[in-house]
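> Structure below; questions to follow.
The values are calculated or read from the model by the stated rules, or taken from the named source; none is laboratory data. Worth saying up front: this structure is predicted, and the values here are computed from it rather than measured. Positions of Cβ are backbone-derived with ideal geometry, glycine not excepted, and every protein chain shown enters the neighbour counts.
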Amino acid sequence: MKDILLFENAGKVSGFMDSHVFSYINEGQTESFEAFENFDLLAFDYYDVKSDSVKNSKIMIYIDREDLFFFCEDNSSISAVTRMTDSLFENRTNEEALYAFFVRLLKGDMDSLDAFEQKIGAHENALFSSPEHVAVKTISELRKELLRRKRYYEQLVSIFDEMSANDNGLLSDNIARRIAVLGTRTDRFLGAVVNLQENVTQMREAYQSQLSIKQNELMKLFTVVTVIFLPLTLIVGWYGMNFKFMPELYSPFGYPAVIFVSVAIVVWLIWYFKKKKWL
């Protein structure tokens, strides 16, 4: 018998499964893979890497020589499993149907990773051309997405490794070898995700470097402006002192001379800073 059910409806097939299964379902104790004498129990958090959804849904799979059941956490995972098992239950053994399900589960994942890599590349190009358009939120979202994918593939790699070991002899040697190949493929997906994580980490460091450079340029500008106006401040303070004898105060050319000297100082400082490429 083959069927797809919500966790809450697991009682409908209670007569076809070992009684231990219900305690695992009810208590949520199932690890990624557990092999028993006459059946295998698999569980993983399904994540649709090909959509924009960030929601995970737990899927548990029970398989023995006569039965294959998919237990889903919610209606969205029910729909996903139904779509991936369409026509799989016809003229296939349980192990063949389970293998075909995992093949469909991973179908298109490499294309999705390639598209995600191009997305990261576009953000990297934008970072160096116009850093202000690349927000911290964007980098954070990329890191979170890759972390979700990493956890997703890690659990699948673990499941495929345990299944291919076939300790209880439930699977045929042919299916066990095919599952091992799926494990190798999924491990490549995991490696690609890890590489993309390194790219995002480098992009975050580059972004922080760009911010530091901009802050340094701003501080340099403030410093230059301060240095330019420092002599003027000195002149103002100088002539603000209450000395009785300041001959130039009574000269008809005193005021123009001070203005000329002030402008000359500002112009010379600006020229000097430009020459030194500080401005």
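> Kindly indicate whether Phe102 is surrounded by fewer than 16 Cβ atoms within 10 Å (Cβ to Cβ) and either within 20 Å of Lys55 (Cβ to Cβ) or touching a residue at least 60 places away in the same chain (Cβ under 8 Å) (or both). I'd like the intermediate steps shown before the answer.
Details: surrounded by fewer than 16 Cβ atoms within 10 Å (Cβ to Cβ): no; either within 20 Å of Lys55 (Cβ to Cβ) or touching a residue at least 60 places away in the same chain (Cβ under 8 Å) (or both): yes.
So Phe102 fails the test.
> Those residues that are outside any helix (DSSP H, G or I) and either surrounded by 20 or more Cβ atoms within 10 Å (Cβ to Cβ) or at pLDDT below 90 (or both), I need them from segment 147-200; list them, please.
Step one: list which residues in segment 147-200 are outside any helix (DSSP H, G or I), which gives 166-172.
Asn166, Asp167, Asn168, Gly169, Leu170, Leu171 - these are the residues of segment 147-200 that are outside any helix (DSSP H, G or I) and either surrounded by 20 or more Cβ atoms within 10 Å (Cβ to Cβ) or at pLDDT below 90 (or both).
> Which residue, of Val49, Val81, is surrounded by 15 or more Cβ atoms within 10 Å (Cβ to Cβ), within 22 Å of the chain's Cα centre (by Cα) and touching a residue at least 24 places away in the same chain (Cβ under 8 Å)? Write out each step before concluding.
Details: Val81 fails: within 22 Å of the chain's Cα centre (by Cα).
Answer to the selection: Val49.
> Between Ser23, Ser32, which is among the polar types (S, T, N, Q) and exposed (fewer than 14 other Cβ atoms within 10 Å of the Cβ)?
Ser23
> Okay, moving on. Condition first: under 21 Å from Asn56 (Cα atoms) and either in contact with a Cys (Cβ under 6 Å, 6 or more places away or on another chain) or among the polar types (S, T, N, Q) (or both). Can you find one or more residues in segment 169-183 that meet it?
No, segment 169-183 contains no residue that is under 21 Å from Asn56 (Cα atoms) and either in contact with a Cys (Cβ under 6 Å, 6 or more places away or on another chain) or among the polar types (S, T, N, Q) (or both).
> Something else now. Can you find even one residue in segment 54-65 that is among the aromatic types (Phe, Trp, Tyr) and assigned to a loop (DSSP other than H, G, I, E, B)?
Taking segment 54-65 and keeping what is among the aromatic types (Phe, Trp, Tyr), we get 62.
Next, from what is left, pick out any that are assigned to a loop (DSSP other than H, G, I, E, B): none.
No: segment 54-65 contains no residue that is among the aromatic types (Phe, Trp, Tyr) and assigned to a loop (DSSP other than H, G, I, E, B).
> While we're on this one: Answer with yes or no whether Phe116 is assigned by TED's automatic domain parsing to the domain that holds Met163 and in contact with a Ser or Thr (Cβ under 7 Å, 6 or more places away or on another chain).
So Phe116 fails the test.
> Examine segment 8-20 for a residue that is within 20 Å of Leu156 (Cα to Cα) and in a loop (DSSP other than H, G, I, E, B), and state whether such a residue exists.
At the first step, the residues of segment 8-20 found to be within 20 Å of Leu156 (Cα to Cα) are none.
No - not one qualifying residue is present in segment 8-20.
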